[in-house]
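Here's the structure, in structure tokens; my notes come after.
What follows is calculated from the coordinates using simple rules that are stated; it is not laboratory data. Being a predicted model, the structure only gives us computed values, none of them experimental. Here the Cβ is made from the backbone with ideal geometry for all residues, glycine too, and neighbour counts use every protein chain on show.
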Amino acid sequence: MKKLSNGKDTGNTSSYSHEVRTTVNDLKRVCGTPTFKEPPEKVSIGWEMETEDGEVFTIYDWKEYSKPAARFPNRKVNFHIGARDEKSSLKAQEELLKALQS
């Protein structure tokens, strides 16, 4: 798993019901600085990444209205994974979980 390469974009990604329950601080540890410059509606923070085999994906909090993850970095929330297909979404989830455990 790595940050999104130059020239690649995460357009046309969507949720396939794969999530990871973690904190913003833990995601910053494994993914670096959040990369959503202007988060989409209903999202307060997110990252654009790619799997080891180059499939693009996003990680984002969705509808965390009461306590947005961006403002409460140590609070565990469900982060959604957006990808172009279900297989890529599952692969991203597996790589992210592995990185979070190390």
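Placing a label point 7 Å from the Cα of residue 53 along the Cα-to-Cβ direction, the residues of region 1-31 whose backbone N falls under 14 Å from that point are 1. Percent of C-alpha pairs per 10 Å bin in the chain, short distances first: 17, 55, 27, 1. A DSSP coil position with no more than 12 other Cβ atoms inside 10 Å describes the following chymotrypsin sites (Phe, Trp or Tyr not before Pro) in the chain: 65.
Within region 20-47, whose backbone N sits under 19 Å from a point 7 Å along Cα→Cβ of residue 102? Label zone hits: 20-23, 25-33.
Within region 7-71, the GluC sites (Glu not before Pro) that combine a DSSP coil assignment with at most 12 other C-beta atoms in a 10 angstrom radius are 41, 52. Length gained on full extension, residue 76 to residue 35: 12.8 nm, using 0.36 nm per residue less the C-alpha separation. For region 2-101, the dipole from Cβ point charges (+1 on Lys and Arg, -1 on Asp and Glu) about the Cα centre works out to 480 debye, to the nearest 20.
The C-alpha atoms of the chain define a longest principal axis, and helix 86-101 lies at about 60 degrees to it.
A cut-off of 5 Å between modelled amide H atoms, ignoring neighbours fewer than 5 places along the same chain, links residue 75 with 24. Computed over the chain, the per-residue total of -39500 (n - 2.57) for DSSP H runs of n ≥ 4 gives a 222 nm mean residue ellipticity of -7500 deg cm²/dmol, rounded to 500. If you take the charge dipole of the chain about its Cα centre, with +1 on Lys and Arg Cβ and -1 on Asp and Glu Cβ, which of 12, 88, 46 is farthest toward its positive end? Result: 46.
Here is the list for region 4-64: trypsin sites (Lys or Arg not before Pro) lying in DSSP coil, each with at most 13 other C-beta atoms within 10 angstrom of its C-beta, are 8, 37, 42, 63.
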